[in-house]
1. Using Cβ counts within 10 Å as a stand-in for footprinting exposure, how do V200, V43, V58 rank, fewest first?
2. What order, most packed first, do the peptides 86-92, 68-74, 189-195, 306-312 have when packing is the mean number of other Cβ atoms within 10 Å of each residue?
3. Test of understanding: ordering W324, W228 by Cβ neighbours within 10 Å, fewest first, what list do you get?
4. Kindly put T153, T79 in sequence by how many other C-beta atoms sit within 10 Å of each C-beta, fewest to most.
5. For S259, enumerate residues with amide H under 5 Å from its amide H, sequence gap 5+ or separate chain, H modeled in the peptide plane.
6. So which residue, out of D115, D240, D208, gets the largest mean-square fluctuation from a GNM of the chain using Cα contacts under 10 Å as springs?
7. What value, in deg cm²/dmol to 500, does the helix sum -39500 (n - 2.57) over DSSP H runs of n ≥ 4 give at 222 nm once divided by the residues of the chain?
8. How high is the FRET efficiency between L336 and S169 when r is their beta carbon distance and R₀ equals 30 Å, given to the nearest 0.05?
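What follows draws every value from the coordinates through simple rules; no lab data is involved. Small disclaimer: the values here were computed from a predicted structure and weren't measured. Heads up, the Cβs are rebuilt from the backbone with ideal geometry, glycines too, and the neighbour counts pull from every protein chain shown.
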Amino acid sequence: MTIANSDIQYMKPQIVSDLDGNGGRMSDVEAANGVKNNIWPDVPASERKNGSTKYRKVFIKIANADSLKLADARIFVDTPTPGGDRVVIFPGTQTDTQADVAGVAHAFYGCATLDANIPDQQGAGGATLVVNTEEGSDAIFRPGGLIRITNKTSVDDLVGTEEFLRISSTPVVWNGSTATIVLRQDAVIENVYSASNTRVSSVIEAGDIFGTTSDWQILSPAGKYGGWNGSGAVPTLLTDLRMVHSIGGCEQTWTITFSSATTFTCVGDTAGSMGGGTIHADFAPNNPAWSAPCFTLPSALFSGTWANGDVLRFKTHPAAFPIWEKRVIPPNTASLSGNKVIIGISGESE
């Protein structure tokens with residue numbers, strides 16, 4: 001079964017506020033697609049008058065029942081906001097908060113409009129594009145970056161065209177909010193685009209999105225897991241182990257503590273106690289929020305001699321890519337009841 005559009009969920013972080021703690025790990029609460037105020041609250045008149053800069057964190061989760069990875073994922077702002085504000089995005093981490101990202105320099109990603117028509121290139125590469133951004137200081141286009149050109153009405157429209165192309169190493173020239181971009185010689189524009197309905201976005205290259213593990217530890221004189229005794233480099237057998245379920249997986253440090261040679265208990269650093277198991281059966285603690293396992297620890301990888309008090313510890317990371325949205329409202333911005341921002345993602349199913 002391939003990854004379907006319905007498998008892609010936009011998840012809220014554990015804390016949503018305008019304070020330093022805003023963000024953090026992924027929660028179990030979905031930001032329903034296309035629903036008013038799913039990410040951003042309404043803006044009161046005082047905030048529009050005074051202006052503001054705020055942040056919201058979103059996790060793009062690939063909730064596939066077969067835990068398939070979304071390969072070569074690309075994330076972008078599909079359409080500039082119709083209001084007088086602007087929203088740019090940048091990658092986050094699984095645990096960072098507003099205190100970690102506010103006031104720090106970032107490579108921003110956003111959306112612009114085409115300044116002049118793109119005629120038939122007839123197979124030639126290295127084209128020059130002129131685009132109009134919402135704010136030049138955001139510098140959303142950079143040498144070597146990937147861009148998306150589209151004339152689709154909406155991000156998932158089946159009518160229209162889109163292309164992903166690479167900017168050359170030639171510096172992007174800025175004149176106020178207008179950017180002049182030179183594409184690589186091997187970046188050929190395959191379609192004709194009109195300035196009246198074409199958008200150009202800078203793209204976050206998110207790589208493959210799937211659940212992973214890291215930070216393996218073994219505290220045991222003679223116990224082994226995956227043939228590893230805890231000394232030296234962690235074998236790829238463990239780092240490549242596809243044990244995190246795409247629906248139930250979460251950001252967590254798990255501590256497996258042995259109570260005998262064959263039995264153990266499991267505790268997550270924020271999830272708390274998750275029961276226990278035995279080395280003779282796969283261990284798959286359930287995530288009650290999703291009725292799916294957080295991970296599956298294969299019993300076949302236990303070897304050596306485990307004893308009471310021995311510890312196996314590792315981290316799991318969900319099948320989700322965290323991004324931050326930064327919204328800037330200039331002072332004296334006019335109101336608009338239908339204001340919105342659309343974040344898109346594309347990729348190939350494993």
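1. V43, V58, V200
2. Those peptides, ordered most packed to least, come out 86-92, 68-74, 306-312, 189-195.
3. Working: W324 24, W228 19.
Listing W324, W228 from fewest to most nearby Cβ atoms yields W228, W324.
4. Details: T153 11, T79 19.
Result, fewest neighbours first: T153, T79.
5. When sequence neighbours closer than 5 places are left aside, the close amide H contacts are F264, T265, G309.
6. Maximum fluctuation in the GNM of the chain, among the listed residues, is at D240.
7. Values: 3 runs with 14 residues, N = 350.
When only DSSP H runs of four or more count, the value is -500 deg cm²/dmol.
8. Computed FRET efficiency for L336 and S169: 0.15.
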